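I have placed the structure first, in the form of structure tokens, so that the comments after it can refer back to it.
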Amino acid sequence: MSGLGLRHWQEVIEVLRTIIPIYDRVNKTISFGKDIRFRQYGICGHVFPGELILDAGSGYGNMSKEVLKELKGEVSLILYDPIPDMLNNVKMFIRPNLPVCLQSGIFEFMPFRDNTFDVVMCGYSLRDAIKLKQAVAEIHRVLKQNGRAIIVDIGKPDNAIIRLGVSFYLKYILGIFAFVVSGKPALKFGTIYGTYLKWPKNSDLQKILTTEFSKVEFIKYMMGSAIIVIGYK
């Protein structure tokens, strides 16, 4: 089954916990500043005022920040992440007195009722699922009928040559950029390569999503190395 598996997931979570102070700065650098743009692409036209949104694997709440900006705060958000320390830092990035709640937990067992959310967003987080198919099923379960799942993440191109190029960047080049902006602690960002190895190819991910969602829009950028996916319940 696709996903990190429990042991690898625990290792990734521990790494993420230790790089909290530099997480945002390094993430912007290794994505060449495109992570924010891709988040905006995923949000634009897919979230609407008055909706209830789950930011799953929220981290600091970067997806939520873009939603609040896009809709001028006219939305209700739950930020959901397996690392409480990440959620503790949300107040540093999102202004107080906004309609935001915090909840800790994992993709595979969401503590929410069926048909709760208008939108579930996964910004560079679904790749870290323990069991990908179970995570996708849970996302589908908590969505309302006609709700949308928005997935923004690294893509794994079907073309073997392009896929090799992406692998080379993640395994060798990413660490250099991370080290330049944040020093030795940033070398732990190399764990991204391990999650990428277990991430399905774009076509396989699309098949997994279509087993749950009635319609899937699969948008590829940078020769398939960046993806925005909209799944409709």
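The values are calculated or read from the model by the stated rules, or taken from the named source; none is laboratory data. All of these numbers come straight from a predicted model, not from anything done at the bench. Every residue, glycine as well, gets a Cβ built from its backbone with ideal geometry; the counts of neighbours run over all protein chains shown.
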State whether one or more residues within segment 199-209 are over 26 Å from N115 (Cβ atoms), touching a strand residue (DSSP E or B) at 6+ places or on another chain (Cβ under 6 Å) and not in a helix (DSSP H, G or I). no
Please go through (1) more than 29 Å from E11 (Cβ to Cβ); (2) modelled with pLDDT of 95 or more; (3) of a type in the set (G, A, S) for A129 and return the number of the only condition it doesn't satisfy. (1)
One residue is enough: does segment 174-181 have a residue meeting the conditions part of a strand (DSSP E or B) and crowded, with 23+ Cβ neighbours inside 10 Å? no
Given the conditions (1) on the phi < 0 side of the Ramachandran plot; (2) assigned to a helix (DSSP H, G or I), every one holds for F218 apart from (2)
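Test E66 against the criterion of being over 24 Å from Y196 (Cβ atoms), at pLDDT 90 or above and surrounded by 15 or more Cβ atoms within 10 Å (Cβ to Cβ), and give yes or no.
Taking the combined requirement at face value, the residue does not satisfy it.
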Check off (1) in a helix (DSSP H, G or I); (2) out of contact with any Asp or Glu (no Cβ under 9 Å at 6 or more places or on another chain) for N115 and give me the number that stays unchecked. (1)
Give the residues of segment 1-54 that are surrounded by 16 or more Cβ atoms within 10 Å (Cβ to Cβ), of a type in the set (F, W, Y) and modelled with pLDDT of 90 or more, sorted by residue number. W9, F38, Y41
Before we move on, is M86 buried (at least 20 other Cβ atoms within 10 Å of the Cβ), under 18 Å from the mean Cα position of the chain (by Cα) and not in a strand (DSSP E or B)? yes
Every residue from segment 182-207 that is at pLDDT below 90 and surrounded by 15 or more Cβ atoms within 10 Å (Cβ to Cβ): S182, A186, L187, K188, F189, G190, T191, I192, Y193, G194
Can you find a residue in segment 124-144 that is without any contact (Cβ under 8 Å) to a residue 40 or more places away in the chain and either in a helix (DSSP H, G or I) or crowded, with 16+ Cβ neighbours inside 10 Å (or both)? yes
